[in-house]
1. Identify all residues within region 8-38 that are surrounded by 12 or more Cβ atoms within 10 Å (Cβ to Cβ) and charged (D, E, K, R); write none if there are none.
2. Please go through (1) out of contact with any strand residue (DSSP E or B) (no Cβ under 7 Å at 6 or more places or on another chain); (2) at pLDDT 90 or above for LEU33 and return the number of the only condition it doesn't satisfy.
3. Every residue in region 47-57 that is surrounded by 12 or more Cβ atoms within 10 Å (Cβ to Cβ) and over 16 Å from LYS11 (Cβ atoms), please.
Amino acid sequence: MKRGEDFFTVKDLSERLGISATGVRNLIYARKLPARKWGGRLVVLREDLERFMRSLPPAVPDVDQSRGGR
């Protein structure tokens with residue numbers, strides 16, 4: 001992926017989000033992540049990705065269970 005791109009492919013998003021391509025497609029098919037067909041492939045516009053990312057709940061820090069959650 002290059003900085004400044006206006007859209008991302010399923011493969012780009014898979015790498016960027018750290019999930020499988022199937023996981024990206026599932027988000028698209030569930031209409032949680034808007035996508036468009038362009039040249040026979042699914043693409044997500046930068047502004048749609050940014051809107052999706054803002055809609056996610058904040059990440060919860062991982063608690064180290066070996067130290068009793070402290």
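1. Residues satisfying the conditions are LYS11, ASP12, GLU15, ARG16, ARG25, ARG36.
2. Only one criterion is unmet by LEU33, namely (1).
3. Passing the criteria: ASP48, ARG51, PHE52.
Per-residue answers, yes or no, for (1) out of contact with any Phe, Trp or Tyr (no Cβ under 9 Å at 6 or more places or on another chain); (2) touching a residue at least 24 places away in the same chain (Cβ under 8 Å); (3) outside any loop (DSSP other than H, G, I, E, B):
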residue	(1), (2), (3)
GLU5	yes, yes, no
SER14	yes, no, yes
PRO34	no, no, no
VAL43	no, yes, yes
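The values are calculated or read from the model by the stated rules, or taken from the named source; none is laboratory data. This is a predicted model, so every value here is computed, not measured. Because the Cβ atoms are built from the backbone with ideal geometry, glycine has one as well, and the counts that use them run over all protein chains shown.
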